[in-house]
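Every read-out reported here was derived from the displayed coordinates using simple, explicitly stated rules and does not represent laboratory data. What you see is a predicted model; the values in this text were computed from it and never measured. Note: ideal-geometry Cβ built from the backbone for every residue, glycine included; neighbour counts use all protein chains shown.
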């Protein structure tokens, strides 16, 4: 991939940093040269790659903010795409919440913005040639059956939840017929959720659309509002559903298209939840990725809330009993006390922070070896949370190397603490003034831990009165 980078950029690759991709078999790297950078993806599934290239090209030509594909290897297994940074919608909101900020208003605003863009995507991309989709051109009976079987074999069986194969299959067919009895000819992004939405210069960009196909518009809104760990309050979900309906179909509950959309919406919420739970079982148990197992209680809680508030107009008694069995199992409870990781930025002039938990402290990382934006006049009044300073660090590969080592070291401790049932871990980042390097590193670690581990993360910027 370094040769592909050099051919595209005209300069050597000075740094190659592997990135986290929890839910994918693709492997990602950030490649950095003298003046240019990109994200390299390695994926052996050539047909999936071709679908990504096709949809990236088609969506970009329609004015959708997706990453540009810069270069593709001759064997079509490696490709370079635009580097959109590190800030996802999920990570941005999680970091604000962990800092003690009330995120209700910014969450609602950003989700409305995402819904606006989703409607644009659905309107502009509905005429795409779906014969290029992979693995199927439509979210049809076969595709839904695959998702339901994913749930059956990689969730119900793996977690020993009893069911009758024949009775469940009968209910599956009833459920599928109900879902497909409506408008299923729209553009379906397939994985339109907060981890696949990037924030770049106050605009939303969209990634991981290689599974796009023709299907029901309800599916993508369900994915956005009911992603397991996004933690969107139920009242806000209902408000955002009405916002989507108003924006797409106009106000007035008597409108026929609006009624039809809403009548099937929660059915698609349920099928999306079942697909996600199957993925959590497969990725978590079969592939031994603890992050996905830790996501299950959130999915079960979402399922319980949905079942309390909807009444599907179809008879699926055995599937309903299976759902009821899931939400009553104590091992899926999210009520146990979690590990809390406290991440501090501080100034060495003031000393290392004191651990008030009584555990005697934790990691202390010295950031003073990193490039210092505080030496430049244009950054002096900014902090490590400002986009100009973030851009400064992203242009210095030694910062990413430093953080990669930190992530590995702290990550091992977080995983160990969770397994042992510990409830407190402290991590400190220090620099000279406590404003730039330490703040940036603390923010990055907090986001990394939140996205990879099932624990609470609390940020403390000791020299930042306005954060």
task: Before rounding to the nearest 500, sum -39500 (n - 2.57) across all DSSP H runs of length at least 4 in the chain and divide by the residue total; then give [θ] at 222 nm in deg cm²/dmol.
output: -15000 deg cm²/dmol
field: Cα centroid separation, the stretch 395-434 to the stretch 264-311 (Å)
entry: 29
- request: Run the numbers on the chain and let me know its relative contact order in percent, using alpha-carbon pairs under 8 Å that are six or more apart.
  value: 15
- prompt: Can you give the angle from 0 to 90° between the axis of helix 234-249 and the longest principal axis of the chain, with both taken from C-alpha atoms, to the nearest 10?
  reply: 70
query: When only Cα pairs under 8 Å and 6 or more residues apart are kept, what is the percent relative contact order across the stretch 267-387?
result: 15
message: Quick check: the angle from helix 317-328's long axis to the longest principal axis of the chain, C-alpha only, nearest 10 degrees?
response: 30
task: Compute the long axis of helix 397-420 from its Cα atoms, compare it with the longest principal axis of the Cα atoms of the chain, and write down the angle in degrees, 0 to 90, nearest 10.
output: 60
- prompt: Taking square-rooted eigenvalues a ≥ b ≥ c of the alpha carbon gyration tensor, is the stretch 75-168 rounded, prolate or oblate, where a/c under 1.5 means rounded and, failing that, a/b exceeding b/c means prolate?
  reply: oblate
- prompt: According to the square roots a ≥ b ≥ c of the eigenvalues of the Cα gyration tensor, what is the shape class of the stretch 228-302, taking rounded for a/c under 1.5, prolate for a/b larger than b/c otherwise, and oblate for the remainder?
  reply: prolate
message: Contact order normalised by length for the stretch 340-461, with contacts defined as Cα pairs under 8 Å and 6 or more residues apart; what percent is it?
response: 51
field: Residues 225, 339, 312, sorted so that the one with the fewest Cβ neighbours within 10 Å comes first
entry: 312, 339, 225
- line: Percent antiparallel among DSSP beta bridges confined to the chain, nearest 5, equals 60
- line: By Cβ neighbour count within 10 Å, fewest first, 354, 292, 392 rank 354, 392, 292
query: How far is the Cα center of the stretch 144-162 from the Cα center of the stretch 101-115, in Å?
result: 34
message: What translational diffusion coefficient, to the nearest whole µm²/s, does the stretch 340-461 have by Stokes-Einstein, given a Kirkwood radius computed over alpha-carbon pairs, a temperature of 4 °C and 1.567 mPa s viscosity?
response: 88
Virtual spin-label span in nm between residue 395 and residue 131, 7 Å along Cα→Cβ: 4.7
- request: Starting from the Cα gyration tensor of the chain, take the square roots of the eigenvalues, sort them a ≥ b ≥ c, and report rounded, prolate or oblate (rounded when a/c is under 1.5, otherwise prolate if a/b is larger than b/c, else oblate).
  value: prolate
- request: Return 236, 277, 188 ranked ascending by Cβ neighbour count within 10 Å, so the fewest neighbours appear first.
  value: 236, 277, 188
